[in-house]
Amino acid sequence: MDFTPHTPDDVRAMLEALGMQDLRELFADLPDALLEPDLHLPAPMSEQEILAHLRELAGKNAPADKAFLGGGLRPHFVPSLVPALAQRGEFLTAYTPYQPEVSQGVLQAVFEYQTMIAELTGLDVSNASLYDGAAALAEGVLLALRQTRRMGVVVSQGVHPEYRQVLATYLHAVGAELRTVDLEDGLTPPAEFDDTVGAVVLQSPNFLGAIEDPAPWVEAAHAVRALVVYVADPLSLALLKPPGEWGADIAVGDGQPLGNPMNFGGPQFGYIAVREKLVRQLPGRLVSQTHDVDGRRGYVLALAAREQHIRRAKAKSNITTNAQLTALMGAMHLAALGPEGFAEVAAASVARAHALAEMLARLPGVERVTPEPFFNEFVLRLPRPAAEVRAGLGERGWHAAAPVPAEYGANLALFAATERHDEDDLAGLAAALKEVLA
């Protein structure tokens, strides 16, 4: 049964309002390759044939459970209880828990997630998650602009370039001004801000893997009453001073290192945490603890009143749902490891990364660019283009050397190591890289 939402009269009225003759004119700015693509579809197959074909295609996927690529996506060990719990129907199929009387389990789980994120970041309040790290950054900056009523944003070049691209898209839509401060020797230099700046953005560890000193930026931002948005890898917060203790007002990041496999780059979840004074500017959903008329503890959605979902342009955000399942997987992961186990994973990842960096930097023509101290990702300058090296390693079964954008320099490649890599893995990658560069 066909479903046609617009009648011919609807289409004709729209075209007349736009001063156009036909739909082809409406899409004139799109290239023909997109409008009429040559799909090269194979001949029709039976269900049995198509399933066999799909299995054949899936068999070409090389496992990446020990990838060294980095850039925010890394392979970490996920305890078996995480997928076992996540696949329970209560979590797997649940949508927004508007009715607390039938959603206490999900609401309590989300509340526990929020509590863990608040403790990790050293801030007062976390929401129920966002789509990914890039969306979380954009929402955090928009929050800061609403609070300060200013339209200037200063961001360090050390912030993930893809995050900055998403941020620029959001800011263009609201007419905000974005300025980037270039790195110096792999680190963010001190900067001064004027009273047009509403948000400053710093990432630590930064995109090159280096651990930043946020104190100068925090001090300079607060001197002009701007808010500090701090992008942090959640794993790093097991060992490093949390954003809240640095004086950050908003902490954001991607939760993939917490209980989520790489999955070809998604789905992931973004986290955001803020100081209490900013709670009414928080986008998305917030679960709170309360008591019923009999004094029994319960959980409800709070400070939303559906305004995010129906107020359109007046809403604080266009986030109408979130990455709830993957966020709960992050909470399950943290609960399974506990504070000590989580810190052990972080320490092991740091140790593996430093051992790998030392090993690879000994190869002829290879130079480490990331300054110390760094966490578990680092950048090397290679004697050949990084894309060629990446391809050569891939042909040998190694997923490593993610090309770094040219804005940071030529022939740069990003590497990462985690607790999943053992000494044989490190030595094997070093041998393969030596062969590719020979």
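The values are calculated or read from the model by the stated rules, or taken from the named source; none is laboratory data. Since the model is a prediction, treat every value here as computed from it, not as a measurement. Heads up, the Cβs are rebuilt from the backbone with ideal geometry, glycines too, and the neighbour counts pull from every protein chain shown. Ligands, DNA and RNA are stripped out before the accessible areas are found, and what is left, the full protein with its side chains, is counted by its heavy atoms. Shrake-Rupley method; radii C 1.70, N 1.55, O 1.52, S 1.80 Å.
Each Cα pair under 8 Å and six or more residues apart adds its sequence gap; the mean of these over the residue count of the chain is a relative contact order of 19 percent.
Qualifying trypsin sites (Lys or Arg not before Pro) in segment 1-78, where qualification requires a DSSP coil assignment and no more than 15 other C-beta atoms within 10 Å, comprise 60.
With both labels modelled 7 Å from their Cα along Cα-to-Cβ, the residue 276 to residue 32 distance reads 6.5 nm.
Would you kindly calculate the translational diffusion coefficient of segment 269-427, applying Stokes-Einstein with the Kirkwood radius from alpha carbon pairs, for 10 °C and a viscosity of 1.306 mPa s, and quote it in µm² s⁻¹ without decimals? For these conditions, the coefficient is 80 µm²/s. Summing Lys and Arg as +1 and Asp and Glu as -1 over all other residues whose Cβ lies under 10 Å from the Cβ of residue 204 gives a net charge of -2.
Identify which of 425, 195, 233 has the largest mean-square fluctuation in a Gaussian network model of the chain, with springs joining Cα atoms closer than 10 Å. Checking each option, the largest mean-square fluctuation is seen for 195. Is the C-alpha gyration tensor of the chain telling us rounded, prolate or oblate? Criteria: a/c under 1.5 is rounded; beyond that, a/b larger than b/c is prolate, otherwise oblate. Since a/c stays below 1.5, the shape of the chain is classed as rounded.
Placing a pseudo-label 7 Å from each Cα along the Cα-to-Cβ vector at residue 294 and residue 172 gives an inter-label distance of 5.7 nm. Accessible area per residue was computed with a 1.4 Å probe on protein heavy atoms; residue 45 scores about 80 Å².
Rolling a 1.4 Å probe over the heavy atoms of the protein chains gives segment 358-421 an accessible area of 43 Å² per residue. May I ask for the distance between the Cα centers of segment 320-385 and segment 58-122, given as a whole number of Å? Distance between centres, Cα-based: 19 Å. Taking 0.36 nm per residue of separation and subtracting the Cα-Cα distance, full extension of the segment from residue 437 to residue 51 would add 134.9 nm. When the trypsin sites (Lys or Arg not before Pro) in segment 75-151 are filtered for DSSP coil states and for at most 10 other beta-carbon atoms within 10 Å of their beta-carbon, the remaining sites are 149. Of the trypsin sites (Lys or Arg not before Pro) in segment 311-398, which ones lie in a loop per DSSP and count no more than 15 other C-beta atoms within 10 Å? Filter output for segment 311-398: 311, 362, 396. Which of rounded, prolate, oblate describes segment 41-180, given a ≥ b ≥ c as roots of the alpha-carbon gyration tensor eigenvalues and a/c under 1.5 marking rounded, otherwise prolate only if a/b is larger than b/c? Oblate. The gain in end-to-end length when the residue 101 to residue 302 segment is fully stretched comes to 70.9 nm, 0.36 nm per residue minus the alpha carbon separation.
Overall, the anisotropy analysis places segment 72-147 in the oblate class: the square-rooted eigenvalues a ≥ b ≥ c of its C-alpha gyration tensor yield a/c not less than 1.5, with a/b not exceeding b/c.
Charge tally for residue 162 (other residues, Cβ to Cβ under 14 Å; Lys, Arg +1; Asp, Glu -1): -2. With each label modelled as a point 7 angstrom along the Cα→C-beta vector, the residue 61-residue 9 pair spans 4.9 nm. Residue 418 exposes around 0 Å² of accessible area when a 1.4 Å probe is run over every protein chain in place. Rolling a 1.4 angstrom probe over the protein heavy atoms with all chains in place gives segment 182-312 an accessible area of 43 Å² per residue. Over the chain, DSSP H runs of length four or greater, each weighted -39,500 (n - 2.57), average out per residue to a 222 nm ellipticity of -12000 deg cm²/dmol. Remark: the chain carries a charge dipole of roughly 780 debye about the Cα centre, counting +1 on each Lys and Arg Cβ and -1 on each Asp and Glu Cβ. Atom-type composition of the exposed protein surface of the chain places 54 percent of the accessible area on carbon and sulfur (1.4 angstrom probe).
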